[in-house]
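J.: Here it is: the structure, laid out below.
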Amino acid sequence: MADAAPWVVLRRDELEEMLERAVRRGRELGPADEWLTADQAAELLGVKRETVVTYARRDGLPCSYAGKVPMFRRDRLHAWLEARSEERGSRSARHGATLRGIRGGKK
């Protein structure tokens, strides 16, 4: 039986706590179809993937991480973009709310 997986022993309270954390995390993440990868977020915003990742790191573009992979909620992206549009005033409203690539990169 060398191939058998090792046993893990948990107390009941430990198991219940693990399950509660998993359920809470699932509720925080919401429905799977609301989450986008960095590539999908870049396509939605009309910029390169690197721009999305940079904005997430430096400029407060809201994201969560699945391990080391950034994930973006569609509704939060729209809200962030709308807030940036309002901050920039009437000029952004005239020209549309879009992101410019970092350091003049081409799309």
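The values are calculated or read from the model by the stated rules, or taken from the named source; none is laboratory data. The model shown is predicted, which means the values in this text are computed figures rather than measured ones. Counting neighbours? That spans all protein chains shown, and the Cβs are built from the backbone with ideal geometry, glycine included.
J.: State whether the residues of segment 58-65 include one that is part of a helix (DSSP H, G or I) and touching a residue at least 24 places away in the same chain (Cβ under 8 Å). Can you show your working first?
T.: First, the residues of segment 58-65 that are part of a helix (DSSP H, G or I): 58.
Then drop every residue that is not touching a residue at least 24 places away in the same chain (Cβ under 8 Å), which leaves none.
The answer is no; no qualifying residue exists.
Yes/no per residue for (1) modelled with pLDDT under 85; (2) within 10 Å of the chain's Cα centre (by Cα):
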site	(1), (2)
GLU28	yes, no
GLN40	no, no
VAL47	no, no
ARG57	no, no
TYR65	no, yes
PRO70	no, yes
ASP75	no, no
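J.: Can you tell me how many residues in segment 58-74 are loosely packed, with under 11 Cβ neighbours inside 10 Å and farther than 15 Å from ARG25 by Cα?
T.: Count: 3.
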